[in-house]
Each structure stands twice: as structure tokens, then as C-alpha cells.
Amino acid sequence: MRSLLAAILTVFLPARGPHRSAEPPPPLPLTPCPPAPELPPVITCPHPADIITADGMLLVRRYVVEWERERDEHDRRRLQRERRRAAVLATLGQDYVPVPWEVAA
């Protein structure tokens, strides 16, 4: 049935123009993407009072490390929420400009 409909349409509506021609366009040459530049590692320096030296080694208090992990996790979740909010508003045709917390408070 579909081929009959296609045959009738080609009789009454012939393909015109280069974008409707039967032969496909030549394939685009595949070029590999350039490698992404490596970013330098982010170094966070704890407060000097929280650093303990023992036998030439630097030790950082456990609560400082845990606080940094929680802070990083909180920032990651906040950024994820902002990306999702921006995506939802973009589907509705609205712009979203995040306001820094310091300004909003």
C-alpha cells in the first residue's frame, strides 16, 4: 500500500531541486576532533593551623578534608540543579541567568 502511495505521489509531485534529488550528497570527510587540552589540577590550600608536620610529611586534619569534600559535593549538586533549571526553562523559551548567592541574600 505504501509503495502505491509513493508511486502516485512521485507522478503528481515530482522531486525538483538539488535537495530533493534521488542521489545522496557526497559524504563529508571525517576529521578527528583535536584532543581537549588538559587542565591543571585544582589545588586547595587548607589553613596553616590545620596542617600538621610529622617526620617531614604534611598531614591535614580529617575534619578539614571532610569539609572540603562536602563543600565540593554541595557545589556539584548546586551546579547540576542550575543546569537542569536552565534546560527546563529553555524548553519553555525562557532565558535563565543564575544569580550568585551573595547577591540574592
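A compact table of results
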quantity: Residue in segment 78-97 that is among the aliphatic types (A, V, I, L, M) and modelled with pLDDT under 70 present; calculated: no
quantity: Cross-chain or 6+ apart pairs with Cβ under 8 Å, segment 71-94 first and in a helix (DSSP H, G or I), then loosely packed, with under 10 Cβ neighbours inside 10 Å and not small (Gly, Ala, Ser); calculated: 89/95
quantity: Residue under evaluation residue 63, criteria (1) surrounded by 10 or more Cβ atoms within 10 Å (Cβ to Cβ); (2) modelled with pLDDT under 80; (3) not in a loop (DSSP other than H, G, I, E, B); (4) not acidic (Asp, Glu), criterion not met; calculated: (1)
quantity: Matching residues, segment 6-47, being at pLDDT 65 or above, on the phi < 0 side of the Ramachandran plot and open to solvent by less than 100 Å² (accessible area, probe 1.4 Å); calculated: 6, 7, 8, 9, 10, 14, 15, 36, 44
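The values are calculated or read from the model by the stated rules, or taken from the named source; none is laboratory data. Computed from a predicted structure; not experimentally measured. Every residue, glycine as well, gets a Cβ built from its backbone with ideal geometry; the counts of neighbours run over all protein chains shown. Keep in mind that these areas ignore ligands, DNA and RNA; they rest on the heavy atoms of the full protein, side chains included. Shrake-Rupley method; radii C 1.70, N 1.55, O 1.52, S 1.80 Å.
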